[in-house]
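So the structure is just underneath, and the comments pick up after that.
The values are calculated or read from the model by the stated rules, or taken from the named source; none is laboratory data. Remember, it's a predicted structure, so these values are computed and weren't measured experimentally. Neighbour counts are summed over all protein chains in view; Cβ atoms, including those assigned to glycine, are modelled from backbone coordinates with ideal geometry. What goes into the accessible areas is simple: the full protein's heavy atoms, side chains included, and nothing from ligands, DNA or RNA. Shrake-Rupley method; radii C 1.70, N 1.55, O 1.52, S 1.80 Å.
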Amino acid sequence: MAKPDNRADNVEHLQQSIQHTMQNLHEAEDYLNEFSSEISSKEREQIEAKNERRKESIKGFREEVKDEAAHSHE
């Protein structure tokens, strides 16, 4: 038998995901700022592309938080 969907802590998990992703984003930006002259243009482009994906993920997580908040008030 399947477990019932417990959404009680979804917002907390989403907030943790946002914080973790933002931390990775900032660390990558710091890395680029410190070592941009020492890394290849390919590596820099890969890091920048990954950071764009991180920004999109954060945006998606925030939308999910809004959806969860809306469902918790129903």
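Observations on the model:
- Which listed residue, of LYS66, LYS3, LYS55, is modelled with pLDDT of 95 or more, basic (Lys, Arg) and out of contact with any Lys or Arg (no Cβ under 7 Å at 6 or more places or on another chain): LYS55
- Checking THR21 against (1) open to solvent by 50 Å² or more (accessible area, probe 1.4 Å); (2) among the hydroxyl-bearing types (Ser, Thr, Tyr); (3) touching a helix residue (DSSP H, G or I) at 6+ places or on another chain (Cβ under 6 Å), the condition it does not meet: (1)
- For beta carbons closer than 8 Å, sequence separation of 6+ or different chains, a first residue in the stretch 39-68 that is on the phi < 0 side of the Ramachandran plot and a second that is open to solvent by less than 90 Å² (accessible area, probe 1.4 Å) and charged (D, E, K, R), the qualifying pairs are ASN51/GLU29.
- In the stretch 24-74, residue most open to solvent (accessible area, probe 1.4 Å) [restricted to those that are charged (D, E, K, R) and not in a helix (DSSP H, G or I)]: GLU74
- Among the residues making up the stretch 21-60, those that are aliphatic (A, V, I, L, M) and more than 24 Å from ASN10 (Cα to Cα) are ALA28, LEU32, ILE39, ILE47, ALA49.
- All told, ILE18 meets the bar of being part of a helix (DSSP H, G or I), of a type in the set (A, V, I, L, M, F, W, C) and either at pLDDT 95 or above or in contact with an Asp or Glu (Cβ under 8 Å, 6 or more places away or on another chain) (or both).
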